[in-house]
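Visitor: Dropping a structure here in structure tokens format, bear with me for questions.
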Amino acid sequence: MHGLINRAIQSFVVDRYGAAAWNASAKRANLGFTEFEAMWIYDDVLTPRVLAAVSDVLDRPYDELMEDIGTYLVSHPNLESLRRLLRFGGVDFVDFLHSLDDLPDRARLAVADLELPRIELREHNTQQYSLACEGKVPGCGHLFTGVLRAMADDYGALVFLEHQGVEDGTETVAIALLEADFAEGRGFDLGAGVQ
Amino acid sequence: MSGGTKYYKMLNVMCPMHVILNRHGDISSAGPTTQKLFPDHSLVGKSFLDIFEIKRPQEIKSIDALLEKAGTKLHLQFRDPPHRELKGVLMEGPEVGQMVINLSFGISVVEAVQDYKLTAADFAPTDLTIEMLYLVEAKSAAMEASRQLNQRLQGARIAAEEQALTDTLTGLKNRRGMDQVLTELIESGEHFALMHIDLDFFKAVNDTMGHAAGDHVLQEVSSIMLKEARRSDTVARVGGDEFVILLRDFEDTSKIDKIAMRIISKLREPILYAGELCEISASAGTALSCQYEVPDADQLLADADIALYESKNRGRSRHTFYVGSLRSVDAGSEVSESTQEIARRA
């Protein structure tokens, strides 16, 4: 698994619960080290082990943990660059939803060996969508629920999200768009990211 | 909706950064993004060549000359500050004498987006500018992560080198490694000898035949020393052409002298490098731990060094045991007597 993904889990624990919680998690997962390198590749078995250890240490149910990580990825100031990269996907929330199919390709354009879960958006009508996710790590549907919740907030859209379970390794998230322009949103300055 | 209005609407969506010129070269309409570049005044009615200077393919002063460039890539620049450069292409429009020019920021698009606070709506949906901005940001972030990793790796490498006990060129122990073994030997209390060997004429090899030849010589010298020393001995390169051998388990000092002389005689044989012969020799000096009530590493090294310089003074390719009398300037013939005395004690 790519170091960026493992590093994101580490950052989540450190930023939200402190370094001590992370050190305890790394120890519990028998990593033998405490710092993931963002640009290194790690054995795939490490990531589920780390997530299970974090879930134990924080005493949080696994699915909730995954959703929290998803929300963190988009909303924490330390990961502003990630939010910006996602915002490039679309000018409004629906546009963003449609860009999700391209997400793994977009990620690979930036970091050639970064493999993200396979995701596919289905549009049932202009208000009803569903997102099918299939990843190496269980719970990626919950992770995307967190990402979508935070991105809806970012765009100022009012949505209702529901994880509908797993079938043949594919997790489905139902997305109901209640109002596209519900709130102000956080705004997105195209040129702000480049100094 | 008239044909003309439809046509303008189409251009506004498909190329929002365009201008339309009438037959006199005056701007009759400007796309929404073009107009954004001139927030203080409307472009409509102005002469195109008064606003823009055509820099390439060549300076163009008349509208007729401009029309001749239809279909080719134009480099333009604002005549007024900030003198922004743009790329453009011109074609005749549907009305008589009408010209349509589509513009683009070219490579300066990142700055332009910042300067004019442009949004995705300012570009055609098919325009790849947004994807390009995405890539610039994504690649910068990835490069930054790689840069930080490289920095950490470089720091780790420097730390590892500082802690290394081995000389990377020869594979022998380095000064740190030698110090460590020497300290352990002193602490153990066993008798040992510290032999300091210095190459003669090595600098000449380095200077005349180059560093590669010098490195080769050092590697050959190292393998000779390793071969002649015994398994229990420690061979170290402690400086550019300086070596130290720590010898243990010897019956008497003649054994040490034999090892030293074998090394010295082997080193007198020229070393072949790239078809040329490198000639060096070596001088050696040895201090014995049993010469001191309490051996001290610095003292042993300093005394072996004095013995080494005695060897050099006596004409090189020699080996000398340290005795106290060497510290006086005129050592003379006492040296050999004292050496024998030490040999009996050891």
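A short reminder: the numbers here are calculations on the coordinates, not readings from a lab. Nothing here was measured: the structure is a model prediction, and the numbers come from that model. All Cβ positions, glycine included, derive from the backbone under ideal geometry; neighbour counts span all protein chains shown.
Visitor: What length, rounded to one decimal in nm, is gained on full extension from B:S265 through to B:R316, with 0.36 nm per residue of separation minus their alpha-carbon distance?
Guide: 17.2 nm
Visitor: With each pseudo-label sitting 7 Å past Cα toward Cβ, what's the A:D168-A:K27 distance in nm, one decimal?
Guide: So the label points at A:D168 and A:K27 sit 4.5 nm apart.
Visitor: Something else now. Over 19 Å between Cα atoms, which of B:K73/B:K117; B:K173/B:K203; B:K227/B:K255; B:K9/B:K73; B:K227/B:K258; B:K46/B:K69 qualify?
Guide: Beyond 19 Å between Cα atoms: B:K73/B:K117; B:K173/B:K203; B:K9/B:K73; B:K46/B:K69.
Visitor: If you take the square roots of the eigenvalues of the alpha-carbon gyration tensor of segment A:1-133 and sort them as a ≥ b ≥ c, do you get rounded (a/c under 1.5), prolate (a/b over b/c) or oblate?
Guide: Since a/c reaches 1.5 and a/b is larger than b/c, the shape of segment A:1-133 is classed as prolate.
Visitor: I've got another one for you. How far, in degrees from 0 to 90, does helix A:140-155 lean away from the longest principal axis of the Cα atoms of chain A, to the nearest 10?
Guide: Result, in degrees: 50.
Visitor: Turning to a different aspect of this structure: With r defined as the distance between the Cβ atoms of A:R186 and B:S62 and R0 fixed at 51 Å, what FRET efficiency is calculated, to the nearest 0.05?
Guide: 0.50
Visitor: Under 1.5 on a/c is rounded, so check that first for chain B, then, if it is not, pick prolate when a/b is larger than b/c and oblate when it is not; a ≥ b ≥ c are the square roots of the alpha carbon gyration tensor eigenvalues.
Guide: prolate
Visitor: Under 20 Å between alpha carbons, and skipping anything fewer than 8 positions from B:K87 in its own chain: which aspartates and glutamates qualify?
Guide: B:D26, B:D50, B:E53, B:E59, B:D64, B:E68, B:E111, B:D115, B:D122, B:D127, B:E131
Visitor: Still on this structure, I have one more. Relative to the longest principal axis of the C-alpha atoms of chain B, give the angle of the C-alpha long axis of helix B:334-345, reported between 0 and 90° and rounded to the nearest 10°.
Guide: Tilt relative to chain B: about 80 degrees.
Visitor: Could you derive backbone 3J(HN,Hα) for segment B:77-93 from the dihedral phi with the Karplus parameters 6.51, -1.76 and 1.60 (θ = phi - 60°), listing whole Hz in sequence and x where the residue is Gly or Pro?
Guide: Here the 3J(HN,Hα) series is 8, 4, 6, 9, x, x, 6, 4, 9, 10, 10, x, 9, 10, 9, 5, x Hz.
Visitor: Would you mind telling me the antiparallel percentage of the DSSP bridges in segment A:93-179, rounded to 5?
Guide: 100
Visitor: Quick check: pseudo-label points 7 Å beyond the Cα along Cα→Cβ at B:M132 and A:D92, how many nm apart are they?
Guide: Each label point lies 7 Å from its Cα, and together they span 2.8 nm.
Visitor: Sort out for me the Cα centre separation of segment B:233-287 from segment B:1-73, rounded to whole Å.
Guide: Each part's Cα centre sits 85 Å from the other's.
Visitor: In whole Å, what are the Cα extents of segment B:119-163 along the three principal axes, biggest one first?
Guide: Computed over the Cα atoms, the extents are 59, 13, 6 Å.
Visitor: Here's a follow-up. With +1 on each Lys and Arg Cβ and -1 on each Asp and Glu Cβ, and nothing else charged, work out how big the dipole of segment A:3-60 is about its Cα centre, in Debye to the nearest 20.
Guide: The dipole magnitude comes to about 140 debye.
Visitor: Next question. So what are the ³J(HN,Hα) numbers for segment B:286-295, from phi and the Karplus equation (6.51, -1.76, 1.60; θ = phi - 60°), rounded to whole Hz, Gly and Pro as x?
Guide: After applying 6.51 cos²θ - 1.76 cosθ + 1.60, I find 10, 10, 10, 5, 6, 6, 10, 5, 10, x Hz.
Visitor: Less than 20 Å apart at the alpha-carbon level, and either on another chain or at least 8 residues along: which aspartates and glutamates does that give for B:K266?
Guide: Leaving aside aspartates and glutamates fewer than 8 places away in the same chain, those within reach of B:K266 are B:D198, B:D200, B:D215, B:E220, B:E228, B:D233, B:D241, B:E242, B:D257, B:E276, B:E279.
Visitor: Charges only on Cβ, +1 for Lys and Arg, -1 for Asp and Glu: so what's the dipole of segment A:1-136 about the Cα centre, in debye to the nearest 20?
Guide: I would put it at about 320 debye.
Visitor: Then there is this: Quick query: amide H of B:Y273 versus all other amide H atoms, modeled in the peptide plane; which residues come in under 5 Å with a sequence gap of 5 or more or a different chain?
Guide: The answer is B:C278.
Visitor: Indicate the gyration tensor shape class of the protein assembly as shown (rounded, prolate or oblate), computed on the Cα atoms with a ≥ b ≥ c the square roots of the eigenvalues: a/c under 1.5 is rounded; otherwise a/b larger than b/c is prolate and the rest oblate.
Guide: It is oblate, given that a/c is not under 1.5 and a/b is not larger than b/c.
Visitor: Would you kindly state how much longer the chain becomes between B:R175 and B:S47 on full extension, computed as 0.36 nm times their sequence separation minus their alpha carbon distance, in nm to one decimal?
Guide: Extending this stretch completely gives an extra 38.2 nm.
Visitor: Given R₀ = 56 Å, FRET efficiency for A:D63-B:S108 by Cβ-Cβ distance, to 0.05?
Guide: Approximately 0.75, to the nearest 0.05.
Visitor: With a Förster radius of 25 Å, plug the Cβ-Cβ distance of B:S188 and B:E251 into 1/(1 + (r/R0)^6) and report the FRET value to the nearest 0.05.
Guide: Efficiency, from the Cβ-Cβ distance: 0.85.
Visitor: Contact order normalised by length for chain B, with contacts defined as Cα pairs under 8 Å and 6 or more residues apart; what percent is it?
Guide: Averaging sequence separation for qualifying contacts and normalising by length gives 11 percent for chain B.
Visitor: Still on this model: To test your reading of the geometry: what angle, between 0 and 90 degrees and rounded to tens, separates the Cα axis of helix A:62-75 from the longest principal axis of chain A?
Guide: The helix A:62-75 is inclined about 60 degrees to chain A.
Visitor: Roughly how big is the protein assembly as shown's charge dipole about its Cα centre, with Cβ charges of +1 (Lys, Arg) and -1 (Asp, Glu), in debye to the nearest 20?
Guide: About 1060 debye.
Visitor: Between B:L277 and B:Q148, what is the label-to-label distance in nm when each label sits 7 Å out along the Cα-to-Cβ direction?
Guide: For B:L277 paired with B:Q148, the spin-label model returns 6.1 nm.
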